[in-house]
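Undergrad: This is the structure I have questions about; it appears just below.
The values are calculated or read from the model by the stated rules, or taken from the named source; none is laboratory data. All of these numbers come straight from a predicted model, not from anything done at the bench. When we count neighbours, we look across all protein chains shown, and the Cβ atoms used for this are built from the backbone with ideal geometry, even at glycine. For the accessible areas, the whole protein counts, side chains as well, though only heavy atoms, and no ligand, DNA or RNA atoms are used. Shrake-Rupley method; radii C 1.70, N 1.55, O 1.52, S 1.80 Å.
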Amino acid sequence: MSRPQPYTGVAILAPVTVPYARFSDHSAAWFIGNALATMLRQTGIDKKEVDGLSISSFTLGSDSAVSLTEHFGLVPRWLEQIPFGGSSGVVSLRRAARAIQNGDADMIACIGGDTSQTQSFKETVANFSTFSTDAVYPYGSPGPNGPFSLITQRYMDTYGATREDFGRIAVSQRYNANHNPNALLGHKTLTMEQYLQARPIAGPVHLFDCVMPCAGADGFLVTSVARAEALGLPYATLLAADERHNAFHQDPVQLRGGWSLFRDDLYNLAGVGPQDIDCLQTYDDYPVICMLQMEGLGFCEQGSAPEFVRNNSLSFDGGGLPHNTNGGQLSVGQAGCGYLGVVETIKQVLNCAGDHQVPSARIGMVSGYGMVNYDRGLCSAAAIVRGEKQGGLA
Amino acid sequence: MSHPLPPSHRTPLGFQLRDAQTRDQLVLQVCQQCETVQYPPRNVCVNCLDNDLNWQPVSAEGKVLASNQLHSSVEEYYQEGIPFELASVKLNAGPVVLACNSIDATAGDQVRVLGEQDEHGNLLLRALKP
Ligand SMILES: [Zn+2]
């Protein structure tokens, strides 16, 4: 099998977040447009220079990425729409990096954004996929809680994980969120006792294991290192990235994702190992899925994540493995298809993450996971980035 | 106020699945080329991609992978009937199905899975005693 070539010469810059809201009357295009405006304002780059656009959203309705070119008055020569749920941010970064390398575009805006209205979550769940329509939705219409409660139960039965183990992830993320003014739940503390006493949602999944769908957007720019240097802007480089879809489909229950199939190549290409990663963002639709990513990406063995989270601090300032350092979706909210972790990783390695900055972070890893088409998430992706010219933007 | 109804939307294959069930047999798609049994229903064989698929009785026996109670739902109909008992079952015939668990089956239990229509004509697969 051929291997991904290096992502040499690609620069990632201008990580921005349009603050999340639990509900909004604005459309997804409003949030995505504001993300674009913010990154252009912060960098001083003219809109006409943006010749590439990658969009991810569950809530664009009848619009698509090409509709947005007309909304925003863009004339891109490279246009992408990544509909891979929580892996979309990482996959967009990877696609955009290749387009820059190949000269298909010079300045690409990658944005994930969603709105949240009272019926939008139900509509997303009810029409998620044909398999879901025929074989999941009729069974209590649980949304993702149904399949994930079964995965969580099976993981507990197989590896001896306890609710406290999942709680360590949720509680440390809330601590991180308490240092992030953009986190929707950042003003509330969460103790292990509160975590354990939360109301049940589905089997072992309780309230603080679930994300809150909300409105918001995250985005970043991808260009060449030469362009970033000429602009004098802080930037990161992409050391490695990869993805797998529908991996291990013969496993009766998803106790592993596709990460283990590419992680050796990923680390080889990056020239680093798990021990060199200064901070890790995993896709936290449920804590058990964070564990699958820690295992799949080699931070611990298959089935040993419960022990790993017992023995390692996950907070941004705990000196262990700083994990979901802005609070993750569990405490910030869920919008924008996995862009949250990508943008947070870029901010961390540029050392512009504010009050939840991991001290002197330089190499960050972000993992994506998404699309419960039937009984498991189909997409696994990961990227390793390094801060080159560090600093924040106004 | 009208009484909420269970979700009745299915794909054309979902309706074929419903219409194929019999009282005492589980009927699933079987590939006529390679004999793969598949679920959820697909347009071509997941193994060999052939489109010659028949609805055929298959072994209804299987083993529970996980089971639990759903305490929340996005549909009003289910919100009124909470908790909903859900199980995932690995069929001896191959596929994994999600099913209503009306017998308190837990992981490792042997069960039989059969289809049943509710009063509105919606199909639900149920885990039953073997
Ligand atoms: Zn076949």
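Undergrad: Return the average number of partner chain Cβ atoms within 10 angstrom of each residue Cβ along peptide A:123-130.
TA: Mean partner-chain Cβ count within 10 Å for A:123-130: 3.
Undergrad: What is the range A:316-394 by shape, rounded, prolate or oblate, if you read a ≥ b ≥ c off the alpha carbon gyration tensor as root eigenvalues and call it rounded for a/c under 1.5, prolate for a/b larger than b/c, and oblate otherwise?
TA: Note, shape of the range A:316-394 comes out prolate.
Undergrad: Same structure, new question: Test of understanding: what is the full-extension gain from A:H26 to A:L207, defined as 0.36 nm times their sequence separation minus their Cα-Cα distance?
TA: Net length gain for the segment: 62.5 nm.
Undergrad: Run the numbers on the range B:12-128 and let me know its relative contact order in percent, using alpha-carbon pairs under 8 Å that are six or more apart.
TA: 24 percent
Undergrad: In whole Å, largest first, what are the principal axis extents of the Cα atoms in chain B?
TA: 50, 34, 24
Undergrad: Rounded to the nearest 20 debye, what is the charge dipole size of the protein assembly as shown about its Cα centre when +1 sits on each Lys and Arg Cβ and -1 on each Asp and Glu Cβ?
TA: 580 debye
Undergrad: Determine the order of A:F128, A:F308 by accessible area, beginning with the largest, at a probe radius of 1.4 Å.
TA: Accessible-area ranking of A:F128, A:F308, largest first: A:F128, A:F308.
Undergrad: Checking the cross-link filter: which lysines have an alpha carbon closer than 28 Å to that of B:K63, excluding same-chain neighbours under 8 positions apart?
TA: Cross-link targets: B:K90, B:K129.
Undergrad: What FRET efficiency comes out for the pair A:S304/A:Q275, r = Cβ-Cβ distance, R0 = 22 Å, nearest 0.05?
TA: E between A:S304 and A:Q275, to the nearest 0.05, is 0.85.
Undergrad: State, in square angstrom and to the nearest 100, the accessible area buried between chains A and B, both chains counted, probe radius 1.4 Å.
TA: 2800 Å²
Undergrad: Spelling out what I want: for every residue of the range A:29-36, take phi, set θ = phi - 60°, compute 6.51 cos²θ - 1.76 cosθ + 1.60 (Karplus), and round to whole Hz; glycine and proline get x.
TA: 4, 4, 5, 5, x, 5, 5, 4
Undergrad: Using the Cα centre of the range A:215-366 as the reference point, and only Cβ charges (+1 on K/R, -1 on D/E), how large is the resulting charge dipole? Debye, rounded to the nearest 20.
TA: Computed charge dipole of the range A:215-366: roughly 180 debye.
Undergrad: Now for a separate question. When the Cα centres of the range A:233-262 and the range A:181-201 are compared, how far apart do they sit, in Å?
TA: 29 Å
Undergrad: Pop out the carbon and sulfur fraction of the accessible area of chain A as a percent, whole number, probe 1.4 Å.
TA: The C+S portion of the solvent-accessible surface of chain A is 49 percent.
Undergrad: Then there's this: What FRET efficiency comes out for the pair A:S67/A:S2, r = Cβ-Cβ distance, R0 = 30 Å, nearest 0.05?
TA: 0.25
Undergrad: Roughly speaking, what is the stretch gain from A:A37 to A:M192, that is 0.36 nm per residue apart minus the C-alpha to C-alpha distance, in nm to one decimal?
TA: Gain in length upon complete extension: 51.8 nm.
Undergrad: With θ set to phi - 60°, apply the Karplus curve 6.51 cos²θ - 1.76 cosθ + 1.60 along the range A:304-314 and write out the HN-Hα couplings as whole Hz, x wherever there is a Gly or Pro.
TA: Once rounded to whole Hz, the list reads 9, 4, x, 5, 4, 6, 6, 9, 10, 5, 10.
Undergrad: Oh, and also: Helix A:259-270 versus the longest principal axis of chain A: what is the Cα-based angle in degrees, 0 to 90, to the nearest 10?
TA: The angle comes out near 40 degrees.
Undergrad: Separate question: Rounded to the nearest 500 deg cm²/dmol, what is the calculated helix-only ellipticity per residue at 222 nm for chain B, with -39500 (n - 2.57) per DSSP H run of length n ≥ 4?
TA: Per the formula, -2500 deg cm²/dmol.
Undergrad: A further question follows. Most mobile of B:S88, B:S72, B:S102 per a Gaussian network model of chain B (Cα springs, under 10 Å)?
TA: B:S72
Undergrad: Peptide B:59-70: average number of partner chain Cβ atoms within 10 Å per residue?
TA: 5
Undergrad: Please express the shape of the protein assembly as shown as an equivalent ellipsoid: the semi-axes are the square roots of 5 times the eigenvalues of the C-alpha gyration tensor, given largest first in whole angstrom.
TA: Output for the protein assembly as shown: semi-axes of 39, 25, 22 Å.
Undergrad: Multiply the residue gap between A:K389 and A:K47 by 0.36 nm, knock off their C-alpha separation, and tell me the result in nm, one decimal place.
TA: 120.8 nm
Undergrad: Per-residue HN-Hα couplings for the range B:62-76, Karplus 6.51 cos²θ - 1.76 cosθ + 1.60 at θ = phi - 60°, whole Hz, x for Gly and Pro?
TA: x, 10, 5, 8, 7, 9, 6, 9, 8, 9, 9, 8, 8, 9, 4
Undergrad: May I pose another question? Please give, to one decimal in nm, the separation of the simple spin-label points placed at B:S102 and B:E35, each 7 Å out from Cα toward the Cβ.
TA: 3.3 nm
Undergrad: Gaussian network model of chain A, Cα springs within a sub-10 Å range: biggest mean-square fluctuation belongs to which of A:G146, A:G338, A:G271?
TA: A:G271
Undergrad: Kindly report the accessible area of the protein assembly as shown per residue (heavy atoms of protein chains, probe 1.4 Å, no ligands, DNA or RNA), in Å².
TA: Each residue of the protein assembly as shown exposes 39 Å² on average to a 1.4 Å probe.
Undergrad: Here's something else I'd like to know. Put +1 on the Cβ of every Lys and Arg and -1 on every Asp and Glu Cβ in the protein assembly as shown; which of A:L321, A:S331, B:V37 then has its Cα farthest towards the positive end of the dipole?
TA: Highest projection toward the positive end goes to A:L321.
Undergrad: Taking 30 Å as R0, compute the FRET efficiency from the Cβ-Cβ separation of A:T118 and A:S313 and round it to 0.05.
TA: Efficiency for this residue pair is about 0.20.
Undergrad: Go through A:K47/A:K347; A:K188/A:K347; A:K48/A:K122; A:K122/A:K188; A:K48/A:K389; A:K122/A:K347 and tell me which ones have a Cα-Cα distance over 29 Å in this structure.
TA: Among A:K47/A:K347; A:K188/A:K347; A:K48/A:K122; A:K122/A:K188; A:K48/A:K389; A:K122/A:K347, the Cα-Cα distance tops 29 Å for A:K48/A:K122; A:K122/A:K347.
Undergrad: Regarding the range A:1-158, what are the three Cα extents along the principal axes, ordered largest first, in Å?
TA: Per principal axis, max minus min of the Cα coordinates gives 50, 47, 25 Å.
Undergrad: Next question. Roughly how many debye, to the nearest 20, is the charge dipole of the range B:12-128 about its Cα centre, given +1 on each Lys and Arg Cβ, -1 on each Asp and Glu Cβ, and no other charges?
TA: Using only the charged Cβ atoms, the result is roughly 360 debye.
Undergrad: Report, in deg cm²/dmol and to the nearest 500, the calculated mean residue ellipticity at 222 nm for chain A, where each DSSP H run with n ≥ 4 adds -39500 (n - 2.57) and the sum is divided by the residue count.
TA: For chain A, the value works out to -10500 deg cm²/dmol.
Undergrad: Considering amide H positions built from the backbone, and no H for Pro or chain starts, which residues 5 or more places from A:Q281, or on another chain, come under 5 Å of its amide H?
TA: HN-HN under 5 Å from A:Q281: A:N324, A:M365, A:V366, A:S367.
Undergrad: Next up: Taking +1 at the Cβ of each Lys and Arg and -1 at the Cβ of each Asp and Glu, which of A:A381, A:N127, B:L86 sits farthest along the dipole of the protein assembly as shown towards its positive end, judged by Cα position relative to the Cα centre?
TA: A:A381
Undergrad: While we're on this one: Among A:V342, A:I363, B:P7, flag the residue with its Cα farthest along the positive direction of the charge dipole of the protein assembly as shown, charges on Cβ as +1 for Lys/Arg and -1 for Asp/Glu.
TA: Ranked along the dipole, the leading option is A:I363.
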